[in-house]
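Colleague: I have a structure here, written as structure tokens, and I will follow up with some questions on it.
The values are calculated or read from the model by the stated rules, or taken from the named source; none is laboratory data. Bear in mind the structure is a predicted one, so any value in this text is a computation, not a measurement. Quick reminder, even Gly has a Cβ in these numbers, built from the backbone with ideal geometry, and neighbours come from all protein chains shown.
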Amino acid sequence: MKHSGLWKKIDKAERARPDRWRYEIAAYRMDRLLGLNMVPLTIERRYNEDRGSLQLWEENQFSLKTKNDKKIGVPPRYTYGWNNATFLQRAFDNLIANEDRHANNILITADWRMVLIDHSRSFRTSKQFTDKLIYTEKHPEGPKLMKQLPRAFVDKLKGLTAESIKAAVGEYLEDDEIKAVLVRRDLILAEIDRLIKKNGEENTLY
């Protein structure tokens, strides 16, 4: 059986904003560490002697951009799961500081499962990405909260350590990048506590 994949070898930094193939693998491994299963299988492979990331291409129906442009509604039986996937996407991108999430790199499968691709512009370490989260009620496009999250996911966030992250991502993240992840983890947990106080634990965690 043949499968398609996307190989990426980009490794550059412009204006202190790296775009690196190794972040693709780190994002996949963080996704699995947290039990999300939203990022397709991503591994390292060489092509013409160059190192790069190879990501399995998952079959999908359309992108979020197509959904929005064509005003495609979520079938009622998938609405609850889709909304929760949206909140998880925000939490994950907050954690890894993915500043390049847009409607073309959120894919939707036939059963309305969300697939997240393109993470080479993640894992930022600058003050901009350690002082505040990307997805909050102050998002430039309007409030984008992590309104409801699984308790199991939050417990895994709480259990993250530099050692556990290093064991998962290996050489694909440097120590300062791991440290920045943990700083953002604390910001996420503080935001979750705020939402619990505002909306109640039963309306925030499930």
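Colleague: Considering only residues that are outside any loop (DSSP other than H, G, I, E, B) and touching a residue at least 40 places away in the same chain (Cβ under 8 Å), which ones fall in segment 117-134?
Modeller: Matches in segment 117-134: PHE129 only.
Colleague: Report, by residue number, each residue of segment 163-190 that is over 24 Å from ASP11 (Cβ atoms) and free of Cβ contacts under 8 Å to residues at least 60 places away in the same chain. Steps first, answer last, please.
Modeller: Going residue by residue through segment 163-190, those that are over 24 Å from ASP11 (Cβ atoms) are 163-164, 182-183, 185-190.
Matches in segment 163-190: GLU163, LEU182, VAL183, ASP186, LEU189, ALA190.
Colleague: Now for a different question. Could you list, in sequence order, the residues of segment 28-65 that are free of Cβ contacts under 8 Å to residues at least 12 places away in the same chain and either in a helix (DSSP H, G or I) or among the polar types (S, T, N, Q) (or both)?
Modeller: Hits for segment 28-65 are ASN37, ASN48.
Colleague: Inspect segment 73-90 for any residue being in contact with a strand residue (DSSP E or B) (Cβ under 9 Å, 6 or more places away or on another chain), of a type in the set (S, T, N, Q), closer than 28 Å to LYS9 by Cα and not in a helix (DSSP H, G or I) and give the result as yes or no.
Modeller: No, the conditions are met nowhere in segment 73-90.
Colleague: For segment 33-52, which residues satisfy the criterion of being out of contact with any His (no Cβ under 9 Å at 6 or more places or on another chain), farther than 14 Å from HIS3 by Cβ and surrounded by 15 or more Cβ atoms within 10 Å (Cβ to Cβ)?
Modeller: Keep residues of segment 33-52 that are out of contact with any His (no Cβ under 9 Å at 6 or more places or on another chain), which gives 33-38, 40-41, 43-52.
Still in the running and farther than 14 Å from HIS3 by Cβ: 33-38, 44, 46-52.
Scanning segment 33-52 gives LEU33, LEU34, LEU36, MET38, GLU44, GLY52.
Colleague: Here is a follow-up. Could you grab me the full set of residues in segment 103-116 that are within 21 Å of ARG22 (Cβ to Cβ) and either at pLDDT below 95 or not in a strand (DSSP E or B) (or both)?
Modeller: Correct list: ASN105 only.
Colleague: For segment 135-167, which positions are within 18 Å of ILE192 (Cβ to Cβ), not in a loop (DSSP other than H, G, I, E, B) and not small (Gly, Ala, Ser)? It would help to see each step written out before you state the result.
Modeller: Taking segment 135-167 as the starting set, the residues that turn out to be within 18 Å of ILE192 (Cβ to Cβ) are 135-139, 143-160.
Next, from what is left, pick out any that are not in a loop (DSSP other than H, G, I, E, B): 149, 151-158.
Residues satisfying the conditions are LEU149, ARG151, PHE153, VAL154, ASP155, LYS156, LEU157, LYS158.
Colleague: Sort out which residues of segment 12-27 are within 26 Å of SER164 (Cβ to Cβ) and either among the small types (Gly, Ala, Ser) or not in a loop (DSSP other than H, G, I, E, B) (or both), and write them in order of number.
Modeller: PRO18, ARG20, ARG22, TYR23, GLU24, ILE25, ALA26, ALA27
Colleague: From the set of residues in segment 138-159 that are free of Cβ contacts under 8 Å to residues at least 60 places away in the same chain and more than 18 Å from ALA97 (Cβ to Cβ), which is surrounded by the fewest Cβ atoms within 10 Å (Cβ to Cβ)?
Modeller: Only one residue fits best here, namely GLY142.
Colleague: For residues that are over 20 Å from PRO140 (Cα atoms) and touching a helix residue (DSSP H, G or I) at 6+ places or on another chain (Cβ under 6 Å), scanning just segment 56-107, find the one that is surrounded by the fewest Cβ atoms within 10 Å (Cβ to Cβ).
Modeller: Taking the candidates together, the pick is VAL74.
Colleague: To continue, here is another question. On the given criteria, is ALA180 outside any loop (DSSP other than H, G, I, E, B), of a type in the set (Gly, Ala, Ser), exposed (fewer than 15 other Cβ atoms within 10 Å of the Cβ) and on the phi < 0 side of the Ramachandran plot?
Modeller: Spelling it out, it is not the case that ALA180 is outside any loop (DSSP other than H, G, I, E, B), of a type in the set (Gly, Ala, Ser), exposed (fewer than 15 other Cβ atoms within 10 Å of the Cβ) and on the phi < 0 side of the Ramachandran plot.
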